[in-house]
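**Q** I have a structure I would like to understand better, so I am pasting it below and will then ask my questions one at a time.
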Amino acid sequence: MKQRFHAACAFTLFELLVVIAIIGVLAAVAVPRFADFRAAAYDSRSQQDLRNMAAAQELHRASAEAYATNPGELTGFVPSDGVEIVIEHADRTAFRARAEHEAGRRVYSWDSAARPPLTASQRPR
């Protein structure tokens, strides 16, 4: 016996085009948001590395009686991949440092003499 093909079971070309158009609109909305989420994750990584560096600075000061002038002097501190940390000033009483990720949107600064010590600013493009 031959089976008949029922048109009600198939999709028309128009229906497939509508589905593809809807998927395209959803992708156009999702891709920019995905880039925002990635940048926020990189910024969070920079911020956390700066906090970890500040804790390592306090440990260094407790044993050396002065803050480190180079992140390499800090025992146990290793910045995350892509995060640049620079100690701008360090002496016996205070230090200033900044951190940023190459794919992030913010620069974070830590000033041990300020309250609050952590601040953020837009990264220059």
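**Q** For the stretch 67-85, how many residues meet the condition of being surrounded by 18 or more Cβ atoms within 10 Å (Cβ to Cβ) and of a type in the set (D, E, K, R)?
**A** So the count comes out to 0.
**Q** Surrounded by 10 or more Cβ atoms within 10 Å (Cβ to Cβ) and without any contact (Cβ under 8 Å) to a residue 24 or more places away in the chain: which single residue out of D43, D36, D49 fits that description?
**A** D36
**Q** Among the residues of the stretch 70-99, what is the count of those that are in contact (Cβ under 8 Å) with a residue 12 or more places away in the chain, under 23 Å from R38 (Cα atoms) and not hydrophobic (A, V, I, L, M, F, W, C)?
**A** Result for the stretch 70-99: 5.
We did not get these values from a lab; they are worked out from the coordinates using the rules stated. In this text, all values refer to a predicted model and were calculated from it rather than measured experimentally. Neighbour counts are summed over all protein chains in view; Cβ atoms, including those assigned to glycine, are modelled from backbone coordinates with ideal geometry.
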